[in-house]
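**Student:** A single structure is presented below for examination.
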Amino acid sequence: MASNENILYEPDERCPVSVSSLVALQTVMLILPSTVLYVSIVSQASGQSDKFLAWAVFFAMIICGAVAALQASRFGRLGAGHALTTGSSPGYIAVSILALTTGGPSMLASLLVVSALFQFTLAAWLPLLRRIITPVISGTVIILIAVTVIPVGIDRLDQVPEGASPAAGLGAAATTLAVTVMLGLRASGKWRVWSPLLGIAAGCAVAALLGLYDVSRLVDAPWVGVPEYALPGFELTTGGEFWALLPMFLVVTLALTINTVGSAVVIQHASQRKPRVTDFRLVQGAVNSGGVGILLAGIAGTLPPGLYAAANASLIRLTGVAARNVALVVGGILLALALFSKVSAFILTIPSPVMGAFLTFVMGLLLLEGMRTIIHDRLDHRKVIVAAVGVAVGIGLHDHHIFNELVGGTWGKLLSNGMTVGTIAAILMNLFMEATSPRQQRLEVDLDRSELPKVDEFLQGISSKLHWNEASSNRLRLVGEEALSSLVLEQEEAEGEQQARRLIIKARPGSDTLELEFMAVFEEENLEDRLAYLSEQSEVAGEREISLRLLRHYAYSVSHRQYHGIDVVTVEVEGSR
């Protein structure tokens, strides 16, 4: 992966409050209209009262701000340690409407609490799901999000007040896009931070001249307001309706968890000047924090939050600001806006064509991030097929009502969503590959050099079954020896390590290669990053570096995924008969 020298502030670097506040304000402008709109759609479509709507919008903003701040932090297994902004998730709209219509706020609350527990489980099982929720699947989901949301931005270009010309909307949108693009192409340094906001400001100025501003919402909004107490409670005596709706909520939660995984990976890659290998412990933290958001939404009885990766990744690429304190400021702004209704109403008066143009722009950037995620996963023809079919099915069936006619009801609506059906198609293809792959072989030993004869015997037996020649067999045994040595050295260098470690080796034969997985627990440094670092060194220093250099020399590829409680080093070895 190439270096990204355009990053002005990395996640852990101190960013001036003025800069972080400016970027945070732009992020809020992107997520606030959607958050209010999605909650309003759910409330109105399910026939809820104005009291419920005020309560749901108020707590949706507070929960989104709190989860954004949590994502930027690292508390145990919570938090992604990066600026991951959240807003109300459109993925839950259809099922939330059905839950409110069927059993009211208490039914929605009960289903969301169970969904949160399911997401916590998925986070804990992420190491076991690593062969299903792959970078190709995550990148496919991100592409589908972008291509399904771009038409939403385009549709907003002609949403003008009654009596105004549609050409006025196109003029305001074109101004927004032109200023944002020109500044993005030519601005440098801190001026890049201003480019999105200046683009929106220019679009708003043209919109005002063309009579597109509707200030009635701003005039009618109170300055400060807290909605009347309306906690929904829980449906403890769950009946048939609950069990009928639960599978739908779990399917949506699974799809959005995959989106969270992909978004967290994208943000990690977009936030570093010198790209590092994905730290999946932070990905687990992002999924756990998302589960906290769903749990809080269930308690409050509002629409759950989801990651707005487009707002984060696109603004990071555009402004160069990836500092974590941006998300903390976003959380503070959303909390303030929830209390000061007049301020949020001011942001919501931005004309739809202006926001539509900006939304289209950032979704184009997100589309590129999804492609980068897929390409960085060492593509072969199988991964290409999974990504290509998943994207094609998702785009082709989005908003087509084939499943509405075949299935009907909420399931039909869910399967008419491009992200859902494309994700399901990609997962099914991955499951098929796993089910039809050659049977894997397994060895479990202590993580100790004394176990080398067992490892060597295990690998020698595999090469014999594959009928590899002597040179390939020796190369495989050397890879096993160096991988074990590297892991043992990592364990010995870990300070204060007292617990005995176990090493699990899994072997999966391919056509011309053998994939080995070495699963153990050791210190936080990533071996794959260490291998990249060695390529920049002119001299070899120490036993550890020698072992890593030998491993890189004999193996076709080396990758390393770190999770809470387990680390997985995957090595591919080429063989000949």
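**Student:** From the protein chains alone at 1.4 Å, what is the descending order of accessible area for F249, F432, F403, largest first?
**Tutor:** Values: F249 0, F432 135, F403 50 Å².
From most exposed to least exposed: F432, F403, F249.
**Student:** Putting +1 on Lys and Arg Cβ atoms and -1 on Asp and Glu Cβ atoms, find which of A426, T436, V407 reaches farthest to the positive end of the dipole of region 399-451.
**Tutor:** Of the listed residues, the answer is V407.
**Student:** To continue, here is another question. Set the Förster distance to 35 Å, then compute FRET efficiency between W223 and R273 from the Cβ-Cβ distance, nearest 0.05.
**Tutor:** Values: r = 43 Å, r/R0 = 1.24.
In this case the efficiency is close to 0.20.
**Student:** Got a sec? What order do R281, R475, R74, R14 fall in by accessible area at 1.4 Å, biggest, i.e. largest, first?
**Tutor:** R14, R74, R475, R281
**Student:** Take every Cα-Cα distance within region 381-494, group them into 10 Å bins from 0 onward, and report for each bin the whole-number percent of pairs it holds.
**Tutor:** Calculated P(r), rounded to whole percents: 12, 24, 19, 17, 15, 12, 0.
**Student:** On to the next question. Need the full-extension length gain, I402 to D456, defined as separation in residues times 0.36 nm minus the C-alpha distance. One decimal, nm.
**Tutor:** Here the answer is 13.9 nm.
**Student:** Put a dot 7 Å past each Cα toward the Cβ at E444 and R14; how far apart are the dots in nm?
**Tutor:** 4.9 nm
**Student:** While we're on this one: For the pair V181 and L209, how long in nm is the line joining their label points, each one 7 Å along Cα→Cβ?
**Tutor:** Distance between the two pseudo-spin positions: 1.9 nm.
**Student:** Given the C-alpha centroids of region 407-465 and region 150-221, what is the distance between them in whole angstrom?
**Tutor:** Region 407-465 and region 150-221 have Cα centres spaced 47 Å from each other.
**Student:** Please name which of L128, S115, A187 has its Cα lying farthest along the dipole of region 45-190 towards the positive end, using unit charges on Cβ (Lys, Arg +1; Asp, Glu -1) and the Cα centre as origin.
**Tutor:** It is L128.
**Student:** Subtracting the Cα-Cα distance from 0.36 nm times the residue separation, let me have the gained length for S40 to R131 in nm, one decimal.
**Tutor:** Full-extension gain reported as 28.9 nm.
**Student:** Quick check: the distance between the Cα centres of region 74-138 and region 253-281, to the nearest angstrom?
**Tutor:** Answer, in whole Å: 16.
**Student:** As a test of reading the structure, rank R439, R372, R131 by solvent-accessible area (1.4 Å probe, protein chains only), most first.
**Tutor:** R439, R372, R131
**Student:** With each pseudo-label sitting 7 Å past Cα toward Cβ, what's the N469-A336 distance in nm, one decimal?
**Tutor:** Here the answer is 7.1 nm between the modelled labels.
**Student:** Want the number for D155 to T101: 0.36 nm per residue separation, take away the alpha-carbon distance, what's left?
**Tutor:** Stretched out fully, the D155 to T101 stretch lengthens by 16.6 nm.
**Student:** Using +1 at the C-beta of Lys and Arg and -1 at the C-beta of Asp and Glu, which of F280, I299, A388 has the Cα lying farthest in the positive direction of the dipole of region 271-399?
**Tutor:** F280
The values are calculated or read from the model by the stated rules, or taken from the named source; none is laboratory data. A quick note: this is a predicted structure, and the numbers were derived from the prediction, not measured. Every residue, glycine as well, gets a Cβ built from its backbone with ideal geometry; the counts of neighbours run over all protein chains shown. Heads up: the accessible areas ignore ligands, DNA and RNA and are worked out on the full protein's heavy atoms, side chains in. Shrake-Rupley method; radii C 1.70, N 1.55, O 1.52, S 1.80 Å.
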